[in-house]
Amino acid sequence: MPTPRVLMSKIRQALRLLADAGLSMRQVAAALGVSKSTVSEIAMYARDAGVDWPLATTLSDDELQARLYPPPRPRSSTRQEPDYAVLHQELKRPGVTLQLLWEEYRAGAGEVAYRYSAFCEKYRAWVKRQKRSMRQVHPGGERLFVDYAGQTVPVVDPVSGEIRRAQVFVAVLGASNYTYACATWQQTAADWVGSIIDTLAFIGGVPRLLVPDQPRALIANPDAYEPATARLMQELGEHYGLAVLPARPGRPQDKAKVEVGVQVVERWILARLRHRRFFSLAELNQAIAELLMELNQRPFKKLPGCRASAFAALDAPVLKPLPATAMVLAQFKPARVNIDYHVAFEGHYYSVPHQHVGAAVELRITASTLEVLLRRQRIAAHVRSAKVGAFTTVAEHMPASHRAHLQWTPAKLISWGERIGAATAGVVRWQMAHRAHPEQGYRSCLGLMRLAREYGDDRLEAACARAQSIRAPHYRSVKSILACGLDRRDSSLLGGTAAPMPAHDNVRGPGYYGHH
């Protein structure tokens, strides 16, 4: 208790500076030459006594001292103890503070209420006696903690009798301890993210923060300060507007909620299933879901209500709404656009706009689609195909010269050649027969068409006949014959029978093209 007048003078100065000057406690302490804790104590006693600066100016030193430092009252068993468990739950509501809770408590308790300082001390002492996870106070709707349990569950293949060990995923909301669990075969990125998506559907909303551990499946670059999330986790955060805050390696206090949640799931769900035999993952998940409902309805031991009631009161009202559609799981794979403006995936080839030839891209693959991303922007999308060695090509992705080829087929080209004459048809067939694939001869055939427009059908037929006679039925040969006028020097070839084409194993014959 302060007695010297000089100390009472400093108390007055502290009250004035805190009220009028808008200074922090540290700044007031520096200005008065006292410790910060002394200033904090003065502010607390003034708050307890209901004394602000305007009231202090009307009181004498003795009156002010009596208000701030009354003689201790004898301990009385009639003091009304606050319900510390209720206080603990109320603090999880947005905007609720100990000051507000003390004012409400004092209004109800009246003369038998503890002063603010004692109220805070007793609450903090109660908190220290609780489990580590209960000591943490997370505002409603703020954090969702996720992890995998250490225990696994055997699942028997009904056909082979082989036993596989299913992994158990656990998620816990920070404010209410509302819990979700499900089984997956592995702990891949798809298993993690798929389980988180199921959790968000289960709770019917999106919290502000997701707190996982730092497994390689989720965190591309584990780090205590700047962990880099993997691509699929980035997509999860973008789709749901969910910030990911991985727990620091070796810091279990960062995720104490889910560590306790894992223990609860192991004791209250997995332990009860230990004598049951499961023959599918779906059957195991059904059993977990049934016991999960009981777990969330089970009353707390030291807090009021249960997980379900706490969720309804604390988390559910402040969760962000789910997006209109759930995220579709995808895998990501780096690729490079080949010179034929296609990318390969599982032996099938998908087209990309031709201007991106040579670019390093990222493939986003779902069960039904394949997308090509360039610097996170989609430049192509296709329906997935299981045909190995086949092509899925969009006409708009092709260069203009290639697009012109699409209207032609081997049968159409041969039919055109036959309308010009037997020699032209023979040269066209040669283009088809001597390529690894008939489409490779399209460009030469389109060149023959251009020559027909430039020199006329009769001269083209004569040039093709000469090209066959010298066993050079190439487009370049025909073009050279026409340019040099050699087609006119041997008129006996016009309308005659073209020399037979040389025998070759790759020659398909006219019957091949009649059905293609």
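The values are calculated or read from the model by the stated rules, or taken from the named source; none is laboratory data. No experiment lies behind these values; they were computed from the predicted model shown. Note that each Cβ is placed from the backbone with ideal geometry, even for glycine, and that neighbours are counted across all protein chains shown. To get the accessible areas, we keep the full protein, side chains included, count just its heavy atoms, and leave off ligands, DNA and RNA. Shrake-Rupley method; radii C 1.70, N 1.55, O 1.52, S 1.80 Å.
What to note about this one:
- Counted residues, the range 354-371 - those being open to solvent by less than 20 Å² (accessible area, probe 1.4 Å) and more than 21 Å from Ala326 (Cα to Cα): 1
- Listed by position, the strands (runs of 3 or more DSSP E) inside the range 344-423 whose residues that are within 19 Å of Pro334 (Cα to Cα) and basic (Lys, Arg) number at least 3 form an empty set.
- Qualifying residue in the range 185-194 (condition: among the charged types (D, E, K, R), open to solvent by 10 Å² or more (accessible area, probe 1.4 Å), assigned to a helix (DSSP H, G or I) and closer than 24 Å to Met327 by Cβ): yes
- Of all residues in the range 150-183, those satisfying the criterion of being open to solvent by 10 Å² or more (accessible area, probe 1.4 Å) and free of Cβ contacts under 8 Å to residues at least 40 places away in the same chain are Thr152, Val159, Ser160, Gly161, Glu162, Ile163, Arg164, Arg165, Gln167.
- Residues that are at pLDDT 90 or above and aliphatic (A, V, I, L, M) within the range 338-347 comprise Val343, Ala344, listed in sequence order.
- Tabulated pairs, the range 91-110, first under 12 Å from Tyr123 (Cα atoms) and outside any helix (DSSP H, G or I), second modelled with pLDDT under 70 and open to solvent by 40 Å² or more (accessible area, probe 1.4 Å), C-beta under 7 angstrom, 6+ apart or interchain: Leu91/Val137
- Of all residues in the range 326-339, those satisfying the criterion of being out of contact with any strand residue (DSSP E or B) (no Cβ under 8 Å at 6 or more places or on another chain) and open to solvent by less than 90 Å² (accessible area, probe 1.4 Å) are Ala326, Met327, Val328, Leu329.
- Under the condition of being more than 29 Å from the chain's Cα centre (by Cα) and surrounded by 14 or more Cβ atoms within 10 Å (Cβ to Cβ), the residues counted in the range 292-305 number 4.
- Residue list for the range 149-167, restricted to those being out of contact with any helix residue (DSSP H, G or I) (no Cβ under 7 Å at 6 or more places or on another chain) and of a type in the set (A, V, I, L, M, F, W, C): Val156, Val159, Ile163
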